[in-house]
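First up is the structure itself, then whatever we jot down about it.
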Amino acid sequence: MRLDKFLSSQTSLSRSDVKKEIKKGNVTVNGIIAKSPETKIEESSDRILLNNKEITYSEHVYYLLNKPQGVISSTEDSNKKTVIDLIKKEDRRLGLHPVGRLDIDTEGLLIITNDGAFSHNMLSPSKHVNKTYYAKLKGIPNSDSITAFKKGIDIGTMEAPEICKPANLELISTDKNNNTCEVRITISEGKYHQVKRMAHAIGCEVTYLKRLSMGDFTLPNNLELGKYIKLYIS
């Protein structure tokens with residue numbers, strides 16, 4: 001592999017940025033200062049240093065982020081902070097993107113990767129990947145609401161029905177004096193504002209929402225908001 005291709009694939013640098021670093025003498029290959037971006041390297045065995053930091057090869061990276069409120073699930077935005085902005089510069093790769101989206105006011109698990117095939121498999125309707133949320137509601141669902149979720153609730157309109165796939169609504173706690181409750185909701189699809197619209201369909205309002213899991217991935221209890229961990233996926 002060419003040295004410039006290797007470095008641009010393993011960092012957030014573009015090919016032109018890599019060339020500048022090489023020209024400055026900031027790149028070494030097996031202890032020798034690199035002279036050309038076209039230098040051929042063996043990515044799995046050669047020791048590459050950029051600004052005295054070793055760059056190791058991995059085709060794809062996967063991060064599990066605890067997304068805070070106020071951050072958008074996008075790769076870039078001129079006005080608002082994005083989930084990619086939360087990834088340290090040294091951990092970034094070209095093509096890094098969130099797997100699906102969480103609303104700006106929703107917290108919790110969000111996977112960030114540069115693996116397009118992985119994202120497709122996680123988001124494909126045919127894969128039925130479960131997503132579980134913890135929510136605080138204004139209003140308290142009754143047994144009919146729970147049954148409606150299991151059958152597939154309609155979050156559309158009279159003119160345009162939109163039936164959700166069967167989902168699970170579990171009451172965690174209730175406060176009848178304040179007409180509020182805590183629930184756990186599991187869905188297997190990702191319609192626009194789906195959890196909020198499902199709650200609205202049973203006469204409730206989501207006041208707080210946090211994603212706890214997605215497929216086999218679960219949000220660690222000790223992972224602070226805005227922080228992330230690296231996942232190792234074979």
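The slack in the chain from Glu59 to Asp175, taken as 0.36 nm per residue of separation less the alpha-carbon distance, amounts to 36.8 nm.
Using every pair of separate Cα atoms, the Kirkwood estimate puts the hydrodynamic radius of the chain at 20.2 angstrom.
Can you give me the span-like helices of the chain, meaning DSSP H runs with 27 Å or more of Cα extent along the axis and Kyte-Doolittle mean at or above 0.0? Membrane-span-like by this rule: not one helix. Counting only GluC sites (Glu not before Pro) that sit in a DSSP loop (anything but H, G, I, E, B) with at most 13 other Cβ atoms within 10 Å, what is the longest stretch of the chain containing none of them? Here the longest segment lacking exposed loop sites spans 77-158.
Scanning the chain for chymotrypsin sites (Phe, Trp or Tyr not before Pro) that sit in a DSSP loop and have at most 12 other Cβ atoms within 10 Å, the longest stretch containing none of them is 1-191. If the viscosity is 0.692 mPa s and the temperature 37 °C, what translational diffusion coefficient in µm²/s does Stokes-Einstein give for the stretch 79-148 when Rh comes from Kirkwood over Cα pairs? Calculated translational D: 218 µm²/s. Set against the 2.2 N^0.38 Å expectation for a compact globular protein, the stretch 1-134 has a Cα radius of gyration ratio of 1.25.
Between the alpha-carbon centres of the stretch 130-181 and the stretch 66-86 there is a gap of 28 Å.
Note on Ile32 and Ile146: their simple-model spin labels are 7.1 nm apart, each label 7 Å out from Cα toward Cβ. Of the trypsin sites (Lys or Arg not before Pro) found in the stretch 134-177, those in coil by DSSP whose Cβ has at most 15 other Cβ atoms within 10 Å are Lys176.
Per-residue 3J(HN,Hα) values for the stretch 155-169, derived from phi via the Karplus relation 6.51 cos²θ - 1.76 cosθ + 1.60 with θ = phi - 60°, read 10, x, 10, 4, 6, 9, x, 9, 8, 7, 5, x, 9, 10, 10 Hz in sequence order (x marks Gly and Pro). With the helix formula -39500 (n - 2.57) applied to DSSP H stretches of n ≥ 4, the chain reaches a computed 222 nm mean residue ellipticity of -5000 deg cm²/dmol. Note that the stretch 3-54 shows a convex hull volume over its alpha carbon atoms of 66 Å³ per residue. Taking all Cα pairs closer than 8 Å and separated by 6 or more residues, the relative contact order of the chain comes to 20 percent. Mind jotting down a quarter of the surface of the convex hull over the alpha carbons of the stretch 130-214, in square nanometres, one decimal? The directionally averaged projection comes out at 5.1 nm².
Counting only DSSP beta bridges with both residues in the chain, tell me the antiparallel percent, nearest 5. That works out to approximately 95 percent antiparallel. In the structure shown, do any of Lys88/Lys127; Lys40/Lys230; Lys53/Lys230; Lys131/Lys176; Lys40/Lys88 have a Cα-Cα gap over 22 Å, and if so which? From Lys88/Lys127; Lys40/Lys230; Lys53/Lys230; Lys131/Lys176; Lys40/Lys88, over 22 Å: Lys88/Lys127; Lys40/Lys230; Lys131/Lys176; Lys40/Lys88.
Read-outs throughout are calculated quantities, based only on the coordinates presented, and are distinct from any laboratory measurement. None of the values given here were measured: they were computed from a predicted structure. Heads up, the Cβs are rebuilt from the backbone with ideal geometry, glycines too, and the neighbour counts pull from every protein chain shown.
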